[in-house]
DNA sequence: ATTTAGTTGTGACATTTTTCACGGAAGGTG
DNA sequence: CACCTTCCGTGAAAAATGTCACAACTAAAT
């Protein structure tokens, strides 16, 4: 039962990548795949792949490697990867707009059902395919629409405040595109994607490596 | 000289975050800051911050903590964070478009000077503020315009091929928004941001944590 | 039935990364 | 000028993560 928590986060992340790869392979009609092939495609050592899979007690078998469909199913079940989530996009800057429009395409299991923005003018006029509400209605709307996941693309200074409203509304997971580190209570999962930061890191690594 | 390589990548990444924070503080007129405050704001232990800074032999001092401006400068110099890079966006889907339009805003030190797309029709008609070329002109254009950084937002299957063209043109760093793991020669730095993957990881962690 | 080649599962090992404890320096204060 | 508080630097301990070697197993081939 608590075995779940015992899976290291990086391992879980890798397994998600494995899952995606398995989806591709499955669609291509590949029925078996070895840890070596998986590792090759993902740029990870085969040992590592096997160890990760062993965490969820995968049933790879014998000489032909892993059964694509079966492993895929195992990973999906272990991590709830095929559950559907109801999401909202908070902050309709360009990135927010792009995400609300492409969200469905990027991540099938994510149903974006609402968006928020602090600019009332924009709320009235913008058309992104889902209802747009002003930020002061976040808590109420999240509650009403039963939204469990939030995509946060607001300007840095307002991030913490928005997050709190979202959480009060009942959000359980936040994809944080803000550079601010969110302080959240237990039970709420945050994943940070700091684009500006990533670019800085890239340039730093380029500088060090060159 | 090789001290540089001895800085662990996660530490470098954290220092980039510290740098950004220092920029903010500096702009706010804060002249000194303690490792504790930095850690607090970034959600990292103070010990960790100090250790990271020690890698670049920072000159934090005495009772009042670090000199904001000085530390900022030290980090910037050590990682070349204020160098300007010439970049191109490859793949003008919605995300690509958003990035080429907002790139300057998101990352000041990145000058986006060109974009590429495989759809010739789109190449002719789209207006994103920079010249758009067809993908088969990547190598030549990158060479001609002296571009050193690439933002890769093409569909997964074409990623490796595009990357190779970019590299042949002389690219030194790639921000890879593709789910494919790029195989590149030494000397080329890749940083992966797999949005779909990140969403899956978020949902996995939510599932495990709830 | 036996062999053989190929692949997994895993416990021990190595490395990396984080945490900690404490000496010592800097700057106010009386 | 001595004191006292606050904070940094760092080497050593601890934890987490990744690597490896090898036994066990499977499926096909002979």
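Derivation of every value follows stated rules applied to the coordinates shown; laboratory data play no part. No experiment lies behind these values; they were computed from the predicted model shown. When we count neighbours, we look across all protein chains shown, and the Cβ atoms used for this are built from the backbone with ideal geometry, even at glycine.
Across peptide A:187-197, what mean number of C-beta atoms from other chains lies inside 10 Å of a residue's C-beta? Don't skip to the end; give the middle numbers.
Working: counts 3, 3, 10, 3, 8, 3, 6, 6, 8, 8, 8.
Taking all residues of A:187-197 together, the mean is 6.
Given a Förster distance of 22 angstrom, what is the FRET efficiency for residue A:160 paired with residue A:94, based on the Cβ-Cβ distance and rounded to 0.05?
Numbers: r = 22 Å, r/R0 = 1.00.
Computed FRET efficiency for residue A:160 and residue A:94: 0.50.
Restricting things to alpha carbons, find the Rg to Rh ratio for the protein assembly as shown using the Kirkwood radius for Rh.
Working: Rg = 22.0 Å, Rh = 22.9 Å.
On the Cα set of the protein assembly as shown, Rg over Rh gives 0.96.
Note down the nm distance, to one decimal, between modelled labels 7 Å out along Cα→Cβ at residue B:113 and at residue B:24.
Going from the residue B:113 label point to the residue B:24 one covers 3.2 nm.
Which whole number gives the average, over all residues in B:25-33, of C-beta atoms from other chains lying within 10 Å of the residue C-beta?
Details: counts 0, 0, 0, 0, 0, 0, 0, 0, 0.
Averaged over the peptide's residues, the number is 0.
Assuming R0 = 45 Å, can you tell me the calculated FRET efficiency for the pair residue B:144 and residue B:70, based on Cβ-Cβ distance, to the nearest 0.05? Please report the intermediate quantities before stating the final value.
On the way: r = 40 Å, r/R0 = 0.89.
In this case the efficiency is close to 0.65.
What gaps in nm, shortest first, separate residue B:140 from its twins in the other copies when you place the label 7 Å past Cα toward the beta carbon?
Sorted ascending, the copy-to-copy spacings read 6.0 nm.
Rounded to the nearest 5, what is the percent of antiparallel bridges among the DSSP beta bridges in chain A?
Working: 3 of 24 bridges.
Percentage antiparallel, nearest 5: 10.
Taking chain B as the reference, fit the longest principal axis to its C-alpha atoms, fit the long axis of helix B:46-55 to the helix C-alpha atoms, and give the angle between the two in degrees, 0 to 90, nearest 10.
That works out to roughly 70 degrees.
Can you order the peptides A:200-206, A:25-31 by their average number of other Cβ atoms within 10 Å per residue, highest first?
On the way: A:200-206: 24.1, A:25-31: 12.7.
Result, highest mean Cβ count within 10 Å first: A:200-206, A:25-31.
Taking every DSSP beta bridge with both residues inside the protein assembly as shown, roughly what % is antiparallel (nearest 5)?
Percentage antiparallel, nearest 5: 10.
So for the pair residue B:31, residue A:104, with labels modelled 7 Å out along Cα→Cβ, what separation do we get in nm?
My value for the distance between the label points is 5.7 nm.
May I ask for the distance between the Cα centers of the stretch A:144-180 and the stretch B:165-185, given as a whole number of Å?
33
Taking R0 as 60 Å, what FRET efficiency do you get between residue B:46 and residue B:125 from their Cβ-Cβ distance, rounded to the nearest 0.05?
On the way: r = 54 Å, r/R0 = 0.89.
Step by step, r from the Cβ atoms, then E = 0.65.
What's the angle, to the nearest 10 degrees (0 to 90), between helix A:159-169's Cα axis and the longest principal axis of chain A?
Taking Cα atoms only, the helix is inclined about 80 degrees.
Report the residue of chain A with the smallest Cβ-to-axis distance, using the rotation axis that brings A onto B, in whole Å.
Closest to the axis: A:98, 2.
Can you tell me the relative contact order of chain B? Whole percent, Cα pairs under 8 Å, sequence separation 6 or more.
Relative contact order, chain B: 13 percent.
Relative to the first principal axis of the alpha-carbon coordinates of chain A, what is the inclination of helix A:9-27, with its axis defined by its Cα atoms, in degrees from 0 to 90 and to the nearest 10?
80
In peptide B:71-80, what is the residue-averaged number of other protein chain Cβ atoms found within 10 Å of each Cβ? Display every interim value, and only then the final one.
Details: counts 0, 0, 0, 0, 2, 2, 1, 3, 8, 6.
Going residue by residue through B:71-80 and averaging, the value is 2.
Suppose you put the label 7 Å out from Cα in the Cβ direction; list, shortest first and in nm with one decimal, how far residue B:63 is from each other copy's label.
7.7
For the pair residue A:86/residue B:61, report the inter-label distance in nm, with labels modelled 7 Å from Cα in the Cβ direction.
Inter-label distance under the simple model: 5.8 nm.
How far is residue B:118 from the same spot in each other copy, in nm, shortest first, if each label point sits 7 Å from Cα toward Cβ?
4.1
Taking only the alpha carbons of chain B, what extent do you get along each of the three principal axes, in Å, biggest first?
Sorted from largest, the Cα extents of chain B read 62, 46, 35 Å.
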